[in-house]
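One structure is given below, encoded as structure tokens.
Nothing in this text is a laboratory measurement; each read-out follows from the coordinates by a stated rule. In this text, all values refer to a predicted model and were calculated from it rather than measured experimentally. When we count neighbours, we look across all protein chains shown, and the Cβ atoms used for this are built from the backbone with ideal geometry, even at glycine.
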Amino acid sequence: MADEDKQIEFQSMQQQLQLIMLQKQQMKLQSDEIDHALQEVEKAKGETYRLVGPILMQSSKDEIVKDLNEKKTSLESRITIMEKQEERLKKQLSDSRNPAERR
């Protein structure tokens, strides 16, 4: 029974690791999108707009850059946390190895 519990725990950690890696990848994509948006805003001449819900509203270039930079900083913090969780889970998986592989 203990081997079954260890096997279930091991599989659970694998699933958690996969989920964290997927979330981290999605956040990195969002960060890349923000970088692209920042580049486009910097190139913009004249009026700039932002999407607020379903409404397009005029906004200053500085406000848009500030908002995008805040979002990027928040994402970077979350990515760092995800990376730490990923490393912790990888170490736990390495330490516990799949019980079926021990035999």
| said: To the nearest 20 Debye, how big is the dipole of region 1-63 about its Cα centre, given +1 on the beta carbon of each Lys and Arg and -1 on that of each Asp and Glu? | reply: 300 debye
| request: Among Y49, M27, I64, flag the residue with its Cα farthest along the positive direction of the charge dipole of the chain, charges on Cβ as +1 for Lys/Arg and -1 for Asp/Glu. | output: M27
| remark: Quick calc: nm separation of the 7 Å Cα→Cβ label points for K66 and R50 -> 0.9 nm
| said: Just to confirm the filter: which trypsin sites (Lys or Arg not before Pro) across region 1-68 are DSSP coil and have at most 16 other Cβ within 10 angstrom of their Cβ? | reply: K45
| Quick one: if you stick a label point 7 Å off each Cα along the C-beta vector at E33 and E9, how many nm between them? | 3.9 nm
| Selection of GluC sites (Glu not before Pro), region 1-76, meeting DSSP coil and at most 15 other Cβ within 10 Å | E47
| field | Projected label distance in nm at Q23 and E83, using a 7 Å step from Cα toward the beta-carbon | value | 1.7 nm
| note | Of all lysine pairs in the chain that are eight or more residues apart or on different chains, those with Cα atoms under 20 Å apart total 21
| Compactness of region 2-97, expressed as Rg and Dmax over alpha-carbon positions, Å | 19.9, 68
